[in-house]
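Below: the structure, in structure tokens.
The values are calculated or read from the model by the stated rules, or taken from the named source; none is laboratory data. As the structure is a computational prediction, the values presented were derived from the model and not from experiment. Glycine also receives a Cβ, built like all others from the backbone with ideal geometry; neighbour counts cover every protein chain displayed.
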Amino acid sequence: MTDFLQHVVDALSLGSLYAVLAIGIALIFGIMNLINFAYGELIMIGAYTLFLLDGTPWPFQLAACLLVTIIAAVLMERLAFRPFRGASAPVLLVTSFALSFALQSLATVIFTSRAKGFSLPSWFDDPITIGSIDFSSLNLITFLVMVVLVGGLAAFLQRSMLGIQMRAAAENFRTAQLVGVRSNVVIATAFALSGLFAGVAAILIVAQGGTATPSMGSGPVLIAFVATIIGGLGSLYGAAYGGFFLGVLTVILQVVLPDALAPYRDAFLYAGVVLILLLRPQGLIVVKSRFERV
Amino acid sequence: MLEIEKLTLAYGKAPAVSDLDLTVGEGEAVSLIGPNGAGKTTTLTAITGLIKPASGTIRFKGAPTGGRKPESLVRDGMALVPEGRQIFSTLTVGENLRLPAADLSRADAESAIQRELERFPALASRLGDPAGGLSGGQQQMLAISRALLCRPQLLLLDEPSLGLAPKIVDDVFEALEGLRTEGVTILLVEQNAIRASQFADRTYVLNAGRVVLSGTREELADAELLTDSYLGAL
């Protein structure tokens, strides 16, 4: 029983992290029909910001990380994607890949390809014991952060005028423009929010691994991409569910696979994903609206 | 209010509209009619700035619209009731109405929305419902209200009677008549040729991307003339 609860804690924590990753991708896709593979590099930029500010007071270090990823995301849209607005989906996709490689190369030039080790405040790793279950405070923090972010995002989208405009733009971008919704503001907001999610993901990933490398965003962005596909591209809630599902499945495989097969965990994981998409090609959540690309 | 000169619009190499000249004076109601595929919707789409002309100019309130974004034209006093209504089905009726009133103060937005609810009382009881659940007629009312909340000087309507029951079509034209008396300039695209030409001060008949006939209501009173031009006999 204790083992089971331990696994539940692990699954909740990993699922929360994956949900945060996936929402960052889904936010941009919902508005622009763009799968931004350079999202991983926002995480990398966040991690190097944390590294550069290692030793400064932690509130400053964490806030600066979020601020830098938000600014980087907005700049990414302004400099790399806006000139291609209206281009076809493959052009946007290739642009995002090119940007991803360019930023990784730039990071390699500046920081070399060797991992930079550092650690975040120790309270990320405090052991917590409830009954017979032991877990680190990071598990709890990851879950709580996900709840706060998803709740905050939902409130923003439902209650604020800008949120309503974003939902309208996600449903039909052209018609939204025709009722006066400012396309630049809506798209910049989507990127800023995506940057915020990437910054949070960077903090959680560094708190877990304690290193920054130029290619550290590639793994998370793949997970985020797969999670949004499973969730049904275009649905924010779907992306969150997809992320959770992947996290839970990963932990289940970790537990049930015999030692000899454990190194092939990801192969089993993605075989499961293929199976789901064969059974439900539209993903777990079907979006009613058809998105218009801008 | 709106002057179009030698407008040519194309999808790839295939021209959809060729050398179109069209004017809409202030306070006027003009209709643009023609069969399916004549280029009516394409013309409206170009006027709103969503597609770029291959050649020719469009002037709105005296200034060329080339290079301007649709939302900037909307803020300048142009609004479209799009074909197929295109209400935001996942948003509530109230949210659909709040969108175009985003720049107004809360009190001004409330009173503007209230005026629309008096114009179309059927919407008042549905404010909190998802707009996708409205009937076709109610969706059209919502689309018209949404456009009017943009406070347009020029209102463009794309097939507002399409797919609606005759009684609802009467309601829509009655609402348009009311708008005309309020001084709103109207450009109406319709397949319902007789109805549209009876409503409008002037009518243009578009066929295969070209204007084949134009005239005032009185000049086009001869239904046979209209039908012939509509079918391409002229």
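Details
- Considering only residues in region A:169-181 that are closer than 16 Å to B:LEU80 by Cα and not polar (S, T, N, Q), the one that is farthest from the other protein chains (Cβ to nearest Cβ) turns out to be A:PHE173.
- Each residue in region B:36-74 was checked for being among the charged types (D, E, K, R) and in contact with a Lys or Arg (Cβ under 9 Å, 6 or more places away or on another chain), and 2 of them qualify.
- Condition met for B:SER145 (among the hydroxyl-bearing types (Ser, Thr, Tyr) and in contact with a helix residue (DSSP H, G or I) (Cβ under 9 Å, 6 or more places away or on another chain)): yes
- Residue check for A:ILE230: part of a helix (DSSP H, G or I), buried (at least 23 other Cβ atoms within 10 Å of the Cβ) and modelled with pLDDT under 90: yes
Per-residue answers, yes or no, for (1) loosely packed, with under 15 Cβ neighbours inside 10 Å; (2) within 14 Å of chain A (Cβ to nearest Cβ); (3) in a strand (DSSP E or B):
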position: B:GLY37; (1), (2), (3): yes, no, no
position: B:LEU44; (1), (2), (3): no, yes, no
position: B:LYS52; (1), (2), (3): yes, yes, no
position: B:GLY56; (1), (2), (3): no, no, yes
position: B:SER72; (1), (2), (3): no, yes, no
position: B:LEU80; (1), (2), (3): no, yes, yes
position: B:PHE88; (1), (2), (3): no, yes, no
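- Set A:GLY243, A:GLY238, A:GLY247: member being within 14 Å of chain B (Cβ to nearest Cβ) and over 23 Å from A:ALA107 (Cα atoms): A:GLY238
- Selection status of B:GLY39, at pLDDT below 85, under 20 Å from B:TYR204 (Cα atoms) and not β-branched (Val, Ile, Thr): yes
- Looking across region B:4-35, the residues that are of a type in the set (Asp, Glu) and part of a loop (DSSP other than H, G, I, E, B) come down to B:GLU26, B:GLU28.
- Within this structure, A:GLN158 fails the test of being surrounded by 13 or more Cβ atoms within 10 Å (Cβ to Cβ), within 14 Å of chain B (Cβ to nearest Cβ), under 30 Å from B:VAL81 (Cβ atoms) and not charged (D, E, K, R).
- Residue within region B:160-170 that is within 11 Å of chain A (Cβ to nearest Cβ), under 30 Å from B:ILE58 (Cα atoms), within 13 Å of the chain's Cα centre (by Cα) and touching a residue at least 60 places away in the same chain (Cβ under 8 Å) present: no
- With respect to the conditions (1) part of a loop (DSSP other than H, G, I, E, B); (2) more than 11 Å from chain A (Cβ to nearest Cβ), B:GLU110 falls short on a single one, namely (1).
- Of all the numbered requirements in (1) basic (Lys, Arg); (2) at the interface with chain A (Cβ under 9 Å from one of its Cβ atoms); (3) not in a helix (DSSP H, G or I), B:ARG98 misses one, and that requirement is (3).
- Hits in region A:119-134 (condition: in a strand (DSSP E or B) and under 26 Å from A:PHE51 (Cα atoms)): A:PRO127
- Here B:THR92 clears all of (1) more than 20 Å from the chain's Cα centre (by Cα); (2) under 28 Å from A:VAL185 (Cα atoms); (3) modelled with pLDDT under 90; (4) within 12 Å of chain A (Cβ to nearest Cβ) except the condition numbered (3).
- Unique residue being touching a residue at least 40 places away in the same chain (Cβ under 8 Å), within 14 Å of another protein chain (Cβ to nearest Cβ), more than 30 Å from B:GLU3 (Cβ to Cβ) and more than 17 Å from the chain's Cα centre (by Cα) when the list is B:GLY132, B:GLY128: B:GLY132
- Helices (runs of 4 or more DSSP H) enclosed by region B:133-234 - at least 2 residues per element that are surrounded by fewer than 20 Cβ atoms within 10 Å (Cβ to Cβ) and modelled with pLDDT under 80: B:223-230
- Residues of region A:18-48 satisfying the condition of being surrounded by fewer than 23 Cβ atoms within 10 Å (Cβ to Cβ) and modelled with pLDDT of 95 or more: A:TYR48
- With respect to the conditions (1) of a type outside the set (A, V, I, L, M, F, W, C); (2) surrounded by 18 or more Cβ atoms within 10 Å (Cβ to Cβ); (3) on the phi > 0 side of the Ramachandran plot; (4) more than 9 Å from chain A (Cβ to nearest Cβ), B:GLY84 falls short on a single one, namely (2).
- Counting only residues that are surrounded by 17 or more Cβ atoms within 10 Å (Cβ to Cβ) and either more than 24 Å from A:ILE285 (Cα to Cα) or without any contact (Cβ under 8 Å) to a residue 40 or more places away in the chain (or both), region A:241-264 holds 2 of them.
- Any chance A:VAL150 is more than 14 Å from chain B (Cβ to nearest Cβ), under 19 Å from A:LEU233 (Cβ atoms) and surrounded by fewer than 24 Cβ atoms within 10 Å (Cβ to Cβ): yes
- Any hit, region A:191-200, residues being more than 14 Å from chain B (Cβ to nearest Cβ), in contact with a Cys (Cβ under 8 Å, 6 or more places away or on another chain) and either of a type outside the set (Asp, Glu) or in a helix (DSSP H, G or I) (or both): yes
- Test: residue in region A:180-203 that is over 30 Å from B:PRO82 (Cα atoms) and more than 15 Å from the chain's Cα centre (by Cα): no
- Taking the criterion of being at positive phi and either aliphatic (A, V, I, L, M) or within 14 Å of another protein chain (Cβ to nearest Cβ) (or both), the only residue of region B:58-70 that qualifies is B:GLY67.
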